[in-house]
Structure formats: structure tokens, C-alpha cells
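Here is the structure we will look at.
Every read-out reported here was derived from the displayed coordinates using simple, explicitly stated rules and does not represent laboratory data. As the structure is a prediction and not an experimental result, all values here were calculated from the model. Ideal geometry is used to build each Cβ from the backbone, glycine not excepted, and the neighbour counts take in all protein chains shown.
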Amino acid sequence: MIRIPFNRPFATGKEIDYIRDAIATPKLSGDGAHTTQCHTLLEQSLGIQKALLTTSCTHALEMAALLLNMAPGDEVILPAFTFPSTANAFVLRGARPIFVDVRADTLNIDESQIEQRITDRTKAIFVVHYAGVGCEMDTILAIARRHVLAVVEDNAHGLYGRYRGRYLGTFGQLAALSFHETKNFSSGEGGALLINDAQFNQRAEVLREKGTDRSRFFRGEVDKYNWIDVGSSYLPSELLAAFLRAQLEHRGQIQSMRRETWENYARELASWAETNGARLPIIPPECEQSYHMFYLIMPSFESRQALISHLAALGILAVFHYLPLHLSPMGLRFGGCEGDCPVTENLADRLLRLPFFTGMSSSEQAQVIDAVRAFRC
């Protein structure tokens, strides 16, 4: 029986108030007052051009692919260690993923390997800020400028993390956020597209509104709306936005709680990790992480599996993470091959994520720490 879950959704206390308010208004569909407030909170706190809530991070990534006019024959650079949504966004448009290995320290895309994978068909570089630790964006942006490529940030893990003092999600022309229940800020399911290049502002609204200019109609800018582009239904309801608004308004409290939990894990497990040949997360000095997860890199696949079983026997749910995308059934269809991304293949077999969530009690965390310390590799 699981006593300590891997994740437990957190509520600030204001969510119910805002949901009641949403129900009391005549508009429950997207882009009502709570959605607008979420947009404003994100735009002002991050200092960005425009934010648009979506029904998922996946949909925000799909919108990015549409905005970049991805088409059959195009290629996109991305890390081999990521969730399928990062690849699906442009695969759905007929483009081909080009997998790049990750760095051994941060598990982010290895910027030193990007340029050699660029061809005359490359359209964009999709980066993933793994665990909310920033990629080496100075180098990546310089490569993109040399080759005239777009940069899209999959920032599902990294809201309010920083790289060299600048918020993640503000470097690429476009970025995607996740508000899934496992993320720092949640609406159960949800996401957002961040727009840092004004050329995409108006078309992003059209794509999000089923290919119509309905947003302009609601603002009184046109006297009727029409079908003017491709698109889909990417708007979350006001109920989801109301829940998310409470989370974003309490972002300081949430981040403080998560930081305390993360730092306690790091402090209490440092000696155990050194003794047992395990490794804790590495945060480069130029990065301020978002405190999204806490993971261990175990000495071997066997020790990783043994620790998962050991914790499960004590009622504690610990999990691994992504499988190498280039070795998945779909990845193989796009030319993935064993040995292509050796760091990804090695670390994916050894990574273990410990229970980590906002509101985790000191007693719960102490149980996890004691259980890990009792394990010997």
C-alpha cells in the first residue's frame, strides 16, 4: 500500500473561490476574466510579449509548430531525452525529428552536438529545460542565429527558473508551459504558449480559435469573424483558468515550499549518495532552477530498480522518467539507433525520481530520506 505518493496536487485555498466566481458568471468557455487574469500574470511576471493559455503543453507545442509552418521534409533538432509531445508537435505536421544526445550533468540537450546535426532542411531547434534547469541558451541562440533557425523552448518543467538571471521561456521565439497536476503550478490539465516575437501574436490567436478571428470579434475589432487559417480548439475553460489563477497568484509561496523540500533532500542525501556511488542533481552556477523535481542517478540499472522496489515495500512511490525517445518504436521509424545517444541511453537506465510535491510534510520527507539511507547499492 502506497503511503507516500510520487505526487500530490496542491491547492492554495483560493481555487474554490475563483471557481465559484466562474460558475456565477455567464461565460464558462475560454478567454473569460480568469483566463485574461492568468495571461496578465504570466506576461507581467515574465516580462514577455504575450501569453495564451492552452488545454495542455502538448497543444502549446503544436501551436508553435503551426506558427513556424512546419511541413513535410522539414527537420527539427531536439534532445533524445524528453516526452513524446516535444516530437509529436512537428511530426504531426510531417516534419522529422533529429535526436541529439544530452549533457551528463544537467540532462539538457548537448549544445556542442547541435551544429553537426543541422542540414539545409533544419527548420528549428526545440530545447527542453530538464527538471527546470536551463539549457546553455547563449550557445544555442548563437547557433540558431548563424543558421537562421527558430528556437522553441519546451519549458514544461521550468516556469520561474532562470538562466543567467533571465526567465526560462523568454529566450526562444516561442515557448510552451505545462500546468499538468505534476507541475509546480497546476490546473489539473493545462498549458500556455509564450510568445516572445510579436510577429506571431495575431496568428497565434487565430490558430487557438479554430482558425478564426473570433478573438478580434470579441474585442470589437471586426464586425464578424470568419475562418481565415488552419487551427484547432486550444482554449481551456474558465474553470481551469480559475484554478490556475489561484496557483499563479501564490507563486512565491509555492516556489518557497518546493525550494525548502528540494534543498532538504540535497542536504540530507549528500553523504549517502557519495557513499553509495549515486549522484544528486547538478545545478550549474549560471542557472536558478525551478525546483520541479528531485532525482538520483544510481550506479546501475539494477541498483535503480532495486531502490524502487525497496521504497515500494515501505509504501513509498519512486519512479524512473523518460525512455530514450530515439529508441522508442516511433523513434526507430525515424532512424533512431542504439548507440546514437549514449549519454541518454545510460542515464535513462539509472535515473530515479523521489516523491516531490508542494505541501509535502516534513514527516513524509523524513520517511523517504530514512528509507533511501537504509538502502545500500
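Below are the figures for this structure:
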| item | result |
| --- | --- |
| For the stretch 207-258, with +1 on Lys and Arg beta carbons and -1 on Asp and Glu, the positive-most of SER215, ALA246, TYR225 along the dipole | ALA246 |
| Spin-label zone in the stretch 341-377 - amide nitrogen under 17 Å from a point set 7 Å from the Cα of ALA11 along the C-beta vector | 358-360 |
| MET330/ARG203 FRET efficiency (R0 30 Å; Cβ-Cβ; nearest 0.05) | 0.55 |
| Neighbour cut-off at most 16 other Cβ (10 Å), DSSP loop, trypsin sites (Lys or Arg not before Pro), the stretch 204-234 | LYS210, ARG219, LYS224 |
| DSSP-defined antiparallel bridges as percent of all bridges, the chain, nearest 5 | 55 |
| Helical contribution to [θ] at 222 nm, DSSP H n ≥ 4, -39,500 (n - 2.57), averaged over the chain, rounded to 500 | -11500 deg cm²/dmol |
| Distance between modelled label sites at LYS27 and ILE282, nm, 7 Å Cα→Cβ extension | 5.0 |
| Order of THR58, THR275, THR182 - criterion: other Cβ atoms within 10 Å of each residue's Cβ, fewest first | THR275, THR182, THR58 |
| Electrostatic dipole magnitude of the chain [Cβ: Lys, Arg +1; Asp, Glu -1; Cα centre; debye, to 20] | 380 |
| Residues with amide H under 5 Å from that of GLU209, placed H, sequence gap 5 or more | SER232 |
| Spatial separation of Cα centroids for the stretch 238-281 and the stretch 57-94, in angstrom | 29 |
| Net +/- balance of residues flanking PRO285 in space, Cβ distance below 13 Å, scoring K and R +1, D and E -1 | -2 |
| Total formal charge among the other residues, if their Cβ is under 14 angstrom from that of ALA104, Lys/Arg +1 and Asp/Glu -1 | -4 |
| Cα-based helix-to-principal-axis angle, 15-24 vs the chain, degrees rounded to 10 | 20 |
| Tally of Lys pairs whose C-alpha atoms are under 19 Å apart, taken over the chain, 8 or more apart or cross-chain | 4 |
| Simple label model, 7 Å out from Cα along Cβ direction - MET1 to SER233, nm | 4.2 |
